[in-house]
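Below: the structure, in structure tokens.
Coordinate-derived values only; no laboratory data. Only a predicted model underlies this, so the values are computations on that prediction, with no experimental measurement involved. Here Cβ is always computed from backbone atoms with ideal geometry, including for glycine, and neighbour counts include all displayed protein chains.
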Ligand SMILES: Nc1nc2c(ncn2[C@@H]2O[C@H](COP(=O)(O)OP(=O)(O)O)[C@@H](O)[C@H]2O)c(=O)[nH]1
Ligand SMILES: [Mg+2]
């Protein structure tokens, strides 16, 4: 992947730009009563990318199911370890356009006022062996106008298959922060936590 094209327009820069569709100064508009505290993150990504494993590392104490109206899907919510705020673990998604209940829940959590008004950003979890699919999802979620962090997980499996990833190049092309992890071994977690 090229990394030296500084004139390239970042694909996702609007997601991390100044026009964030978040933290309304007057939360009474939707009656959520949460104020304008934006501290929470939603883990999103393909199935088996390592979201739940990361959730275990990033959260502390008990997790509880979040209530998403109109769905019986369980989305776990926990407190971020060492940081004020919460983190949500969502079901795997292939596309924001999918209509199955699991994938709808992963989208709807970004829309309902109770959660949306407190979101600081999205944590996209990618399987290093299937980056294209995860980048496609990141591009779709950019539509929500929320800041994103792109974590490339399973780099152990990718490197054992000879897959090399230009992290800086990808970060520059996407216009968002990119980090790597081996969630199963707890590697990369502190770096990721420092980015939240
Ligand atoms: N090799 C490897 N396996 C991982 C890594 N992270 C998670 N796993 C494993 O991948 C499987 C799916 O992980 P999970 O967290 O359930 O994925 P989710 O579907 O995105 O929530 C589990 O067996 C994890 O132990 C990693 O970085 N490397
Ligand atoms: Mg999971």
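Take residue 73 and tell me if it is touching a strand residue (DSSP E or B) at 6+ places or on another chain (Cβ under 7 Å) and either within 16 Å of ligand 1 (Cβ to nearest atom) or touching a residue at least 60 places away in the same chain (Cβ under 8 Å) (or both). Judged against the criteria, residue 73 is not a match.
When you look at residue 173, is it buried (at least 20 other Cβ atoms within 10 Å of the Cβ) and more than 13 Å from the chain's Cα centre (by Cα), yes or no? So residue 173 fits the description; yes. For region 179-195, the set of residues classified as within 8 Å of ligand 1 (Cβ to nearest atom) and assigned to a helix (DSSP H, G or I) consists of 183, 184, 185, listed by residue number. Whether any residue in region 46-63 is within 15 Å of ligand 1 (Cβ to nearest atom), farther than 24 Å from residue 180 by Cα and touching a strand residue (DSSP E or B) at 6+ places or on another chain (Cβ under 6 Å) is what I want to check. Yes, some residue in region 46-63 is within 15 Å of ligand 1 (Cβ to nearest atom), farther than 24 Å from residue 180 by Cα and touching a strand residue (DSSP E or B) at 6+ places or on another chain (Cβ under 6 Å). Looking only at residues in region 85-101 that are surrounded by 17 or more Cβ atoms within 10 Å (Cβ to Cβ) and over 19 Å from residue 139 (Cβ atoms), the one that is farthest from ligand 1 (Cβ to nearest atom) is 86.
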